[in-house]
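S.K.: First the structure, then my questions, so here it is.
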Amino acid sequence: MLDLIIATTTLVVIAFLCGSLLGYASVRFKVEGNPVVDQINEILPQTQCGQCGFPGCKPYAEAIANGEAINRCPPGGEAGIKALAELLDVEVIELDESCGEETLPKVAVIREDECIGCTKCIQACPVDAIVGAAKHMHTVIEAECTGCDLCVPPCPVDCIDMVEIRPGVEEWTWPNPANTNPENTSPLQIPVKHIS
Amino acid sequence: MKLSSPFFHHALPTSKVMQLVIAALIPGILLQVYFFGYGVIINLFLCGFTAIAAEFLVLKLRDRDPWSTIKDNSALLTGLLLAVAIPPTLPFWMSIVGTGFAIVFAKQLYGGLGFNPFNPAMVGYVLLLISFPVEMTAWLPSVELAAKTPSLSESMQLIFVGKTSSGLSVNDFRILADGYTMATPLDHMKTEHTLGKMSSEIISQNHFAANLKGWAWVNYGYAFGGIILLATKTIRWQIPASFLLSIVVTSSLLHWWDPELYNPAKFHLVTGATMLGAFFITTDPVSASTTPKGRLIYGALIGFLVVVIRNFGGYPEAIGFAVLLLNLAAPTIDHYTKPQVYGHQTEKESVHD
Amino acid sequence: MYQSKFVTLAKGKFHGGIHPQEFKSISNQRPIEKLVLSKTLRLPLKQHVGVQSIPIVTVGEGVTKGQLIAKCGKGLGANIHAPANGKINKIELMQAGHPSGLPVPAIEISVEDSANAGSFTLPKISDWRQVNLKELISQVRQAGIVGLGGATFPTEIKLKNQSIDTLIVNAMECEPYITCDDRMLQELAKEVIEGAQISAHIVGASDIIFATEDNKSAAIKALATSLEEEKDDKHTASMKIVVAPTKYPSGGEKQTIELVTGKQLPKGELPSSLGLLVQNVATLRAIYKAVTEGETLTERLITITGDAISNPGNYWLPFGTLLSDIAEHFEVDRQECKKAVLGGPMMGQSVSDFETPVSKSTNCIIFNRDKSNEKSWVIEAKQHQSCIRCSECQVVCPADLLPQQLYWFSKSEQWEGLEKQDLFDCIECGACAYVCPSEIPLVHYFRFGKSEIKKIKMAQVKSEKAKQRFDFRETRLARAKAERAEKHRKAAEARKKAASEKSADAKENKQAAINEALARVKQKKAAMSEEEAQNNDNKGEDV
C-alpha cells in the first residue's frame, strides 16, 4: 500500500514539476512573432482585386487564418499558393478556377479622349491610383496600379483597358538555364513590345 | 541557345575524370591480384557488370536515357571500388547484392550521380559486412604464405559454386602449411589481442609478417595510383593528407600510451584499405565535404574514426563506417567552413576598428 | 621582361583564377588601323551605366561628326555624339544587341560624305594645369566619356572624387583574344600617360600605377621607354609600372586592386574608400583627346579577331558601326560563323543578329567558326551533366565563393539561401564554368538567380506600396464614413432639438393664444355685459 502511495506521489510531483516548467517556459520564452494574419497578408500580392470574394487582401488573409481555402488568389498564382502552403504547413492545391485565372500582370489604361469624368472609377480603385475630378478627364498612375480590374465594370462608357505589362529591357530577366532547350536556338521568342 | 558567357570551356569531362580514377586503380589492382589471386579479377567483372546493369535498369524505370548516364562511368567506378574492397572469393550473389544495393538504393533512389549523400560503394560494403560478417572477413592469405593458391578456374568455382571440383572450400585455401588458418592482419591482430597476446608478440609471428607484407604492397599500389590522381589534380590534396596525418597522429598517441595494446602508425598505414580509402574512397566528391577547410576536417575525422574503430570497435576494418558517418556530417561541415568571401574580412575588420 | 627602374612586380595575389589559352597573338601583331565602314550608324541611347540619354535631334536633321545628339539624362548618364557627318534617319526601338534580344531605343544616322562639313569639337584646353578643375571635369562630361574597359561607368563621376592618392591604370587585359589596350600602349603610350596625368591632376592623386600582366612585354617596354624619355618635369604624379603574373581575371577591378595593393576592397565600398581610382587605358586616352583636342567620344579601338576573318587586328571604329558591315569587310563566311561574340570569350555576349552595332562597351569582336578548331570554344549550349561537387569551381573562384552551393540553391530556386551564399559578390567572370567537368553553365544560373531575386524584391516593394495605399484608403474611407455618420447624427440631433423646441413653443403659444382668446372672450363678455348694462341703463334712461 505504501509503495503505491509513494509511486503515485512521485508521479504526481514529477508531473507537477514538468507542468510548471513547461508553463514557465511558455511565458518566459514567448515568441513575439508576426501574427499569422500579417504573415499571410505579406504573401498575398496586394492587388486588392477581390477576386477571392473578399473586399481586399487583408480580409482574405483574415479569412485564411480562420480556415478559408488558400487557392482563391489568381494574381498570386501558383507561387503564392506554394508560399501560403509552406507558411501554414498545408498541402499545395490548384488555383480555384471559379475565382479566375492566373494572368500576366496588367495595368489599367484610360482612353482619355473618351472619358466623361464621372469619377466612378476613382471611387472603385482600391489603391487610389486614379486621379481626376468630376467632369474632368481621369488618368491612371501606372506605377501605383495593381491591375485589379475593379475600375473596369463601373465605367459607363467603357473607356478603360487592362493592358498586359510586357517585360521591356529593364524588366527583362535571364531565363532559367534549366528550361532552355538546346534546340530552341532563337532568343527572339520573347514577346516584343512595338512602339511606333 | 547559348545566351550567357563564358564561351570558353576547358576541363576534363566527368566521364574522363572517372576513367582516370579507374586507371589509377590499376597498379593497386595488379598487386592485389598478385597477392590474393584471380578472384579479384572475377569480382571486378562481376561488380562492374552488376553496377552498370543496375544503373541501366533503374534509369529505364525512371524514364531517363540510360546510355548518356552510363557513359559517365560513375556506376562502373562504384562497382570496381566495391570489388577491390571485398574478399576475392566472396560468393557471387553477395557481390551482386552489395553492388546492386549500392547503385539502386544508395545512388539512384536519391536521384543519381551528384545527389547521393552517401558513398555508394561504402554503403554496399557496409551492408555486406553487417549481413555476412564471416564471408566478408574470409580473406585468403597473401600468396607467399598460402599452402595452395586457387587457379583461375578454381577461383571461379569458389565464387560461383562455393567449392572447387576437387571439393575444396574457401576455408581450405585459408589454411597455411602449418595448419594455421590465416585472416587479414587487422582481423588477426584483433583476435590475438582478445586472446591476451601482446602486439610485439603478434608482429613477431612469422606468418603474420609475411601476410602483412602482401597487404602493405597492395597499399603501396593504391598509394601510387593516388599520387597519379594528385599529380593530375583529379583529386585535391586536402582529404588524403588530413586523413593520413590523422591516422598517424591518433595511432601514434595510442601506441605511445600502451605500445603492447595499440599498434603504431606504420601498421595502420599499410593494412586494410587505408590507401584505397585515402585516395579513392574518402575523395568521392559527391558525398564528401566541398570546402577547403571542410575537407581537412572531413579527412581528419575519418582518419580518427578509423583508428578508433579498428582499436576499440567490433569490426576489424573501419573505413566503411567512418566514411558513412562523415558523409552524414559533410553538409554541416560545409556550412561552418564557408570560405571568407572577397572583401568580407576587411569589412569586419573595419567594423571592429 | 623589360628591365627598368619603373617596372616592379605586383605584391598581392588573388584567390583562384585560371589560365585559359590566350589567342592574343592573332590580333596584336598588326598596327592599329582606322576603319569607316557603315553607311548607317545605329546608336543605342543607353551605352553606359545609368539612365538613358535624351535625344536632342529630330528625324531628318543633319548632323556633323562630334556633334551632341543625345544629352545625359537626369542622374547618372553620358552624352552621345554623332560619329560621322550625316542625317538622322530614325529615332525608335531597334535591335542593338541587348542580351534579351529585345529592341532598345536608338538613333540611326545615315552617313553622308560631305567634304565641307568638317567636324565639331569642344574648346581645346592646351594647358590643363592652369584651368579650374571644374572646367576639366565638365570637359570630360561633355565629351561623353565612360569607362571603356567594358563597365561603361560615367568617368566624370569617378573624377569628382577628391580623396584619391593613387591612380591605377588598368592595363591587365586578362581576357583571351582581346589586345586593344596592349596595342594602344605599344603605339600611343605617350597619350595614355598624358591622360593619366590629367586624371591624377583632377583627383589630386600623387601616384600613378600602370598595372599589367607579364604577357604584354611589348606594351611594358613601350610604356617604360616612354616613362624614361619623359622630359616633362611638370608632371606632378610619380609613375611606375606594376606587373602581375598572367592569370584570368586579374583585370577585374577588385582583383587588380588586390594585386597592386595587396588589400581587398571591402564589400560594398568603392575603390575611393582605399584612396584609389581605377581607370582603363582607353578611357585615359579618351580623356587626353577630350581635354587637349576637344574631341568628343565617337569612336574606340576594337580588337577584331577570330579564326573566321581575314585580317585580325585592332581598328578604330566609329560607334554604331554594324556587325554585318564588319563581317563583310573582314570576309566572314556567315554560313560557318553564325554568331559573333562582343567582348571577350569569358564575359562577353554572343550575338546572332548581325544588325547589332558597336557601342562604347565593345572592346572586342570575335568571329570564330561555330565549329571552331579550338576545342575551348563553346558557343552552342549542350545538355550539361549533373554536378559531382568536385569543387574545382571553388578552387578557381576569384571572389572565394562556393559556386557549387550557389548552383544548388539557384537550380532549386531557393532564393533566400542563394542570397545567404553571397550571390551578389559574384563578378560573373566565368572561371567556374570554364573548369566545370560537367559543363554546367554556372554563370547563367547565377545571372538567372540575380535577376529573379531583383524581380522578387521589386514585386515586394510594389506590393508593400499597394498595401499601404490600400490601408490608407481604408482608413480614409472609414474616417469619411465616420465623419459622415457624425455629421448626420449632429444634423439629426439639431433637427430633433429644433423640432422639440418648436413644439414646446407651439404648445405655449397655443395656451397663450387660448388664454388670450379666453381673455379676449372674457373681456368681450365683460365689455358686452357692461355695454348691456349701460345699454340697459341707457335703455332705462332712454325709456
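The values are calculated or read from the model by the stated rules, or taken from the named source; none is laboratory data. Bear in mind the structure is a predicted one, so any value in this text is a computation, not a measurement. Cβ atoms come from the backbone with ideal geometry, glycine included; neighbour counts cover every protein chain shown. These accessible areas exclude ligands, DNA and RNA; they are computed on the full protein's heavy atoms, side chains included. Shrake-Rupley method; radii C 1.70, N 1.55, O 1.52, S 1.80 Å.
S.K.: Tally up the residues in segment C:250-289 that are charged (D, E, K, R) and within 10 Å of another protein chain (Cβ to nearest Cβ), please. Before the answer, list the steps.
M.R.: First pass over segment C:250-289, keeping only residues charged (D, E, K, R): C:253-254, C:258, C:263, C:267, C:269, C:285, C:289.
Going one step further and asking which of them are within 10 Å of another protein chain (Cβ to nearest Cβ), we end up with C:254, C:258, C:263, C:267, C:269.
The total comes to 5.
S.K.: Among the numbered criteria (1) within 8 Å of another protein chain (Cβ to nearest Cβ); (2) open to solvent by less than 10 Å² (accessible area, probe 1.4 Å); (3) in contact (Cβ under 8 Å) with a residue 24 or more places away in the chain; (4) part of a helix (DSSP H, G or I), which single criterion is violated by C:E452?
M.R.: It is condition (2) that C:E452 fails.
S.K.: For segment B:87-154, list the helices (runs of 4 or more DSSP H) that sit wholly inside it and hold at least 2 residues that are away from chain C (no Cβ under 14 Å), touching a Cys at 6+ places or on another chain (Cβ under 7 Å) and open to solvent by less than 20 Å² (accessible area, probe 1.4 Å); which are they? Walk me through how you get there before you give the answer.
M.R.: Numbers: elements: B:92-101, B:120-131, B:133-136.
Answer list for segment B:87-154: B:92-101.
S.K.: Next question. Which residues, taken from segment C:161-184, are in contact with a strand residue (DSSP E or B) (Cβ under 6 Å, 6 or more places away or on another chain) and not in a strand (DSSP E or B)? Steps first, please.
M.R.: Filtering segment C:161-184 for residues in contact with a strand residue (DSSP E or B) (Cβ under 6 Å, 6 or more places away or on another chain) gives C:164, C:166-172, C:174, C:177-181, C:183-184.
Listed by number, the residues that qualify are C:I164, C:M172, C:C174, C:Y177, C:I178, C:T179, C:C180, C:D181, C:R183, C:M184.
S.K.: Follow-up question, since we're still on this one. Name the residues in segment A:142-162 that are surrounded by fewer than 15 Cβ atoms within 10 Å (Cβ to Cβ), at pLDDT 85 or above and of a type in the set (A, V, I, L, M), would you?
M.R.: Scanning segment A:142-162 gives a single hit, A:V157.
S.K.: Exactly one of these conditions fails for B:Y38: (1) away from chain C (no Cβ under 14 Å); (2) open to solvent by less than 30 Å² (accessible area, probe 1.4 Å); (3) of a type outside the set (A, V, I, L, M). Give me its number.
M.R.: B:Y38 satisfies every listed condition except (2).
S.K.: Would you pick out the residues in segment C:301-316 that are crowded, with 20+ Cβ neighbours inside 10 Å and out of contact with any strand residue (DSSP E or B) (no Cβ under 7 Å at 6 or more places or on another chain)? Full working, then the answer.
M.R.: Restricting attention to segment C:301-316, the residues satisfying the condition of being crowded, with 20+ Cβ neighbours inside 10 Å are C:301-306, C:308-309, C:312-315.
Across segment C:301-316, the qualifying residues are C:A308, C:I309.
S.K.: Within segment B:217-246, which residues are under 15 Å from the mean Cα position of the chain (by Cα) and open to solvent by less than 40 Å² (accessible area, probe 1.4 Å)?
M.R.: B:V218, B:N219, B:G221, B:Y222, B:A223, B:G225, B:G226, B:I239, B:P240, B:F243, B:L244
S.K.: Going by the conditions given, is A:D38 in a helix (DSSP H, G or I) and among the acidic types (D, E)? Before the answer, list the steps.
M.R.: Numbers: in a helix (DSSP H, G or I): yes; among the acidic types (D, E): yes.
Against the criterion (in a helix (DSSP H, G or I) and among the acidic types (D, E)), A:D38 qualifies.
S.K.: Select from segment C:165-188 the residues that are closer than 28 Å to C:K134 by Cβ and either free of Cβ contacts under 8 Å to residues at least 60 places away in the same chain or open to solvent by 10 Å² or more (accessible area, probe 1.4 Å) (or both) and list them in ascending order.
M.R.: C:D165, C:T166, C:N170, C:L188
S.K.: Restricting to segment B:284-326, name every residue that is among the β-branched types (V, I, T), open to solvent by 10 Å² or more (accessible area, probe 1.4 Å) and at pLDDT below 95. Before you say what the answer is, go through the steps one by one.
M.R.: Narrowing segment B:284-326 to residues among the β-branched types (V, I, T): B:286, B:290-291, B:297, B:302, B:306-309, B:319, B:323.
Checking the rest, the ones that are also open to solvent by 10 Å² or more (accessible area, probe 1.4 Å) come to B:286, B:297, B:308-309.
Passing the criteria: B:V286, B:V308, B:I309.
S.K.: Do we have C:E295 as among the acidic types (D, E), open to solvent by 40 Å² or more (accessible area, probe 1.4 Å), within 14 Å of chain B (Cβ to nearest Cβ) and under 25 Å from the mean Cα position of the chain (by Cα) here? Full working, then the answer.
M.R.: Working: among the acidic types (D, E): yes; open to solvent by 40 Å² or more (accessible area, probe 1.4 Å): yes; within 14 Å of chain B (Cβ to nearest Cβ): no; under 25 Å from the mean Cα position of the chain (by Cα): yes.
In short, no.
The rows are residues; the columns are (1) within 26 Å of the chain's Cα centre (by Cα); (2) open to solvent by 10 Å² or more (accessible area, probe 1.4 Å); (3) at pLDDT below 95.
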position: C:K216; (1), (2), (3): no, no, yes
position: C:K234; (1), (2), (3): no, yes, yes
position: C:M239; (1), (2), (3): no, yes, yes
position: C:K254; (1), (2), (3): yes, yes, yes
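S.K.: Which one of B:S15, B:S74 is open to solvent by less than 20 Å² (accessible area, probe 1.4 Å) and either over 30 Å from C:V351 (Cα atoms) or in contact with a Lys or Arg (Cβ under 6 Å, 6 or more places away or on another chain) (or both)?
M.R.: Numbers: B:S15 fails: open to solvent by less than 20 Å² (accessible area, probe 1.4 Å).
On inspection, the qualifying residue turns out to be B:S74.
S.K.: Cβ-Cβ distance below 9 Å, separation of 6 or more or different chains: which pairs start in segment B:304-321 with a residue that is at negative phi and end on one that is among the charged types (D, E, K, R) and not in a helix (DSSP H, G or I)?
M.R.: The qualifying pairs are B:V306/B:E317; B:I309/B:E317; B:R310/B:E317.
S.K.: Hey, could you check segment C:396-406 for residues that are open to solvent by 10 Å² or more (accessible area, probe 1.4 Å) and assigned to a helix (DSSP H, G or I) and say which is farthest from the other protein chains (Cβ to nearest Cβ)? Give the steps one after another, and end with the answer.
M.R.: Filtering segment C:396-406 down to residues open to solvent by 10 Å² or more (accessible area, probe 1.4 Å) leaves C:396-397, C:400, C:405.
Remaining after also requiring assigned to a helix (DSSP H, G or I): C:396, C:405.
Numbers: C:V396: 10, C:Q405: 7 Å.
It comes out as C:V396.
S.K.: Within segment C:413-437, track down each residue that is within 11 Å of chain B (Cβ to nearest Cβ) and either part of a loop (DSSP other than H, G, I, E, B) or of a type in the set (F, W, Y) (or both).
M.R.: Those that are within 11 Å of chain B (Cβ to nearest Cβ) and either part of a loop (DSSP other than H, G, I, E, B) or of a type in the set (F, W, Y) (or both): C:Q421, C:D422, C:F424, C:C426, C:I427, C:E428, C:C429, C:G430, C:Y434, C:C436, C:P437.
S.K.: How many residues, within segment C:407-425, are farther than 22 Å from C:G268 by Cβ and open to solvent by 80 Å² or more (accessible area, probe 1.4 Å)?
M.R.: 4
S.K.: Tell me which residues, restricted to segment A:114-136, are among the charged types (D, E, K, R) and under 19 Å from C:K481 (Cβ atoms).
M.R.: In the first step, residues of segment A:114-136 are kept if they are among the charged types (D, E, K, R); the result is A:114, A:120, A:128, A:135.
Scanning segment A:114-136 gives A:K120, A:D128.
S.K.: When residues of segment C:256-287 are filtered for being among the β-branched types (V, I, T), more than 30 Å from C:K124 (Cβ to Cβ) and open to solvent by less than 10 Å² (accessible area, probe 1.4 Å), how many remain?
M.R.: Of the residues in segment C:256-287, 2 are among the β-branched types (V, I, T), more than 30 Å from C:K124 (Cβ to Cβ) and open to solvent by less than 10 Å² (accessible area, probe 1.4 Å).
S.K.: Which residues, taken from segment C:460-505, are within 14 Å of chain A (Cβ to nearest Cβ), open to solvent by less than 60 Å² (accessible area, probe 1.4 Å) and of a type outside the set (S, T, N, Q)?
M.R.: Within segment C:460-505, C:A466, C:K467, C:F470, C:R473, C:A478, C:A480 meet the criteria.
S.K.: To continue, here is another question. Suppose the filter is open to solvent by less than 40 Å² (accessible area, probe 1.4 Å) and basic (K, R); does C:R389 pass it? Lay out the reasoning, then the answer.
M.R.: On the way: open to solvent by less than 40 Å² (accessible area, probe 1.4 Å): yes; basic (K, R): yes.
Here the answer is yes, as C:R389 does meet what is asked.
S.K.: Among the listed residues A:E101, A:E91, identify the single one that is open to solvent by 50 Å² or more (accessible area, probe 1.4 Å), of a type in the set (D, E), in a loop (DSSP other than H, G, I, E, B) and in contact with a helix residue (DSSP H, G or I) (Cβ under 7 Å, 6 or more places away or on another chain). Can you show your working first?
M.R.: Numbers: A:E101 fails: in contact with a helix residue (DSSP H, G or I) (Cβ under 7 Å, 6 or more places away or on another chain).
Result: A:E91 is the single residue among A:E101, A:E91 that is open to solvent by 50 Å² or more (accessible area, probe 1.4 Å), of a type in the set (D, E), in a loop (DSSP other than H, G, I, E, B) and in contact with a helix residue (DSSP H, G or I) (Cβ under 7 Å, 6 or more places away or on another chain).
S.K.: Return yes when B:S165 is within 24 Å of B:S95 (Cα to Cα) and either out of contact with any Gly (no Cβ under 6 Å at 6 or more places or on another chain) or not in a helix (DSSP H, G or I) (or both) and no when it is not. Steps first, please.
M.R.: Working: within 24 Å of B:S95 (Cα to Cα): yes; either out of contact with any Gly (no Cβ under 6 Å at 6 or more places or on another chain) or not in a helix (DSSP H, G or I) (or both): yes.
Criteria met by B:S165.
S.K.: Here's a follow-up. Is one or more of the residues making up segment B:163-181 open to solvent by 30 Å² or more (accessible area, probe 1.4 Å), farther than 16 Å from B:G39 by Cβ and of a type in the set (D, E)?
M.R.: yes
Residues are listed down the side, and each one gets a yes or a no for (1) within 20 Å of A:G53 (Cβ to Cβ); (2) free of Cβ contacts under 8 Å to residues at least 24 places away in the same chain; (3) of a type in the set (A, V, I, L, M, F, W, C):
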| residue | (1), (2), (3) |
| --- | --- |
| A:A65 | yes, no, yes |
| A:A69 | yes, no, yes |
| A:D89 | no, yes, no |
| A:I93 | yes, no, yes |
| A:V109 | no, no, yes |
| A:D128 | no, yes, no |
| A:H136 | no, yes, no |
| A:V140 | no, no, yes |
| A:D149 | yes, no, no |
